[in-house]
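Every read-out reported here was derived from the displayed coordinates using simple, explicitly stated rules and does not represent laboratory data. This one's a predicted model, so the numbers in the text were calculated from it and none came from an experiment. No Cβ is skipped: glycine too gets one built from the backbone with ideal geometry, and neighbour counts run over all protein chains shown.
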Amino acid sequence: MSIIKVKRGLAANLPTSGMNAGEFLFATDTGDLYICQSATVKILLARGTDLGLYLAKAQNLADLPNKATARTNLGVYSTTEVDQLLAGLRWKNPVKAATTANITLSGAMTVDGVALVAGDRVLVNAQTDQKTNGIYVVATGAWSRATDADSSAELLNAAVFVGQGTANADTAWVCTTDNISIGTSNVSFVQFAGSATYIGGYGIDIAGNNIDLNLDELGADTSIASADQIVFIDVSATGTARYKKITHANFLTSLGITSDTYMVKAHAAGVAGYLDDRTSGTEGIKKSLVVNDIVYSLYFSSLTDESNIDPNADMVAAYDASATTHRRASVNNLIANATVDGGSF
């Protein structure tokens, strides 16, 4: 049986130099127990209390030389990590960059403005074949999935922080796919935190906390399909029911418009057509197209010549300048009120 020797004394008198690594020191007045690490360094092993000795513990994870080992052996987690676990997140080691487009998973390359080299971790989240999305380690040849995210269980609720990038620097992403089967299931990552959590998309501008529509970004279109959607506000409704969508065809129908091609019907039972097709000029009326207008004018050449006039029944159209209106007069009345060569007849 070996004998362990312990040097004792008041805490103020315990040596600060000349110690031997591995020897113990005990403060008789405080009950503290130390082990000497070197000639000048002693480490507190246990602290004395009225109830006896208890082991000294690290004040936080930063005090431990190996946090991963501490978590495994002692179940030690920070309050932030506990909150994240409660939120369903399973944090992975950070990545250097995150993809913004489909890439070939092989060789060194630049991703989101970041030059990647062998050994770098990268979040691949924009693949055309979504089955290949995930967390990878860059290699000179074919890339491989990171060892902490290469199984279905490890990808479930996997969260990762992106360190660099033009679009994705300082952002956090989480895998939102359930029941993952590597190589079979589509894998999706979405951004949930970071300095660029909100990014203005097409037609949306973001400035600080203000999010606004930017209609100038939208392209003009004169060809709209019936199935195209129109968003509007129903002022008679409240809450989320105020915001609705309707197809372009249904929107026109609700306004009583049966077509979106500028067509009309001459009457309810008529056939729809362009205005030019649905109108015509006859019996002294001529229809002409002038630039974008339809012009109707008198056209006497289209009238039938007549040599036998009924002076009482036949009518002549006239404009009454004093009344600024159009009138009609029988041939007899017209002649009776006419002055010919200075005389009346």
Exercise. Cross-link partners among lysines for Lys131, C-alpha distance below 27 Å, same-chain residues fewer than 8 apart left out?
Worked result: Lys92, Lys96
Exercise. Put a dot 7 Å past each Cα toward the Cβ at Ala338 and Ala39; how far apart are the dots in nm?
Worked result: 14.2
Exercise. Which ordering of Asp212, Asp129 is given by a fewest-first count of other beta-carbon atoms within 10 Å?
Worked result: Asp129, Asp212
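With the Cα gyration tensor of region 90-194 giving a ≥ b ≥ c as the square roots of its eigenvalues, does the rule (a/c under 1.5 for rounded; else a/b larger than b/c for prolate; else oblate) give rounded, prolate or oblate? Let's see the in-between values first.
Working: a/c = 1.56, a/b = 1.19, b/c = 1.31.
Oblate is the answer for region 90-194, as a/c is 1.5 or above yet b/c matches or exceeds a/b.
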For this session: Would you tally the net charge around Val187, using a Cβ to Cβ cut-off of less than 14 Å, leaving Val187 out, and scoring K and R as +1, D and E as -1?
Result: -1
Exercise. All other residues with a Cβ under 14 Å from the Cβ of Thr304 taken together, and with Lys, Arg as +1 and Asp, Glu as -1, what is their net charge?
Worked result: -4
